[in-house]
Amino acid sequence: VFMEFAALVEQVAAVSGATEQAVHHALEAANSNAEEAISQLLAAKEYEQQKQQQRQQQEQQRMHEQQRREQQTHQTRMEYEKSERMDAERQAEDDERQARAERRQHKKHERQEKKQQRSAAASGDAECVRDVQVGAIGAA
């Protein structure tokens, strides 16, 4: 009887692709009914394959989600850097406008001083010329 059972285990293992230990347990659970044991083993094998597919799908979804998060982080970083560059460019433009305005104001002030000096010199008023020159020196 043991030899017959051992031969049955080998045959069921060959058909189902399961290990002899798994076949032995399946045959015991099926009261040595080979067809029922094979059905149980194949169902268990199919179940394991489905579980493996689910795990693979979950892993693919996890990887996809990680890639999506990395892309989103990259996009956010790029947008931030662009915003920083634009802010720096605007600041540089504002600084340049301010510097031009200050240069214009300085030139205007110089022209006004020269005009006052010429006007004073033209009127022949030496004291006025001196006052203007002293004022220019004090302003500088």
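The values are calculated or read from the model by the stated rules, or taken from the named source; none is laboratory data. Nothing here was measured: the structure is a model prediction, and the numbers come from that model. Don't worry about glycine lacking a Cβ; one is built from the backbone with ideal geometry, like all the others, and counts go over all protein chains shown. Calculation scope for accessible area: heavy atoms of the full protein, side chains included, ligands and nucleic acids excluded. Shrake-Rupley method; radii C 1.70, N 1.55, O 1.52, S 1.80 Å.
Quick check, is Val15 in contact (Cβ under 8 Å) with a residue 12 or more places away in the chain and open to solvent by 80 Å² or more (accessible area, probe 1.4 Å)?
Considered against the rule, which asks whether it is in contact (Cβ under 8 Å) with a residue 12 or more places away in the chain and open to solvent by 80 Å² or more (accessible area, probe 1.4 Å), Val15 comes out as yes.
Being at pLDDT 95 or above and either surrounded by 10 or more Cβ atoms within 10 Å (Cβ to Cβ) or over 40 Å from the mean Cα position of the chain (by Cα) (or both) narrows it down to one of Ala120, Ala140, Ala88, so name that one. Full working, then the answer.
Details: Ala120 fails: at pLDDT 95 or above; Ala140 fails: at pLDDT 95 or above.
Going through Ala120, Ala140, Ala88 in turn, the sole match is Ala88.
What number of residues within segment 18-39 satisfy the criterion of being among the β-branched types (Val, Ile, Thr) and free of Cβ contacts under 8 Å to residues at least 12 places away in the same chain? Show your work before the answer.
Quick first cut of segment 18-39, residues among the β-branched types (Val, Ile, Thr) only: 19, 23, 38.
Imposing the further condition that a residue be free of Cβ contacts under 8 Å to residues at least 12 places away in the same chain reduces the set to 19.
Result for segment 18-39: 1.
Kindly establish whether Arg55 is over 30 Å from Val23 (Cβ atoms) and surrounded by 10 or more Cβ atoms within 10 Å (Cβ to Cβ).
no
What is the one condition in (1) among the polar types (S, T, N, Q); (2) open to solvent by less than 100 Å² (accessible area, probe 1.4 Å); (3) at pLDDT below 95 that Gln21 does not satisfy?
Against the list (1) among the polar types (S, T, N, Q); (2) open to solvent by less than 100 Å² (accessible area, probe 1.4 Å); (3) at pLDDT below 95, Gln21 comes up short only on (2).
Among the residues of segment 1-38, which ones are within 19 Å of Gln49 (Cα to Cα), of a type in the set (A, V, I, L, M) and outside any helix (DSSP H, G or I)?
Ala18
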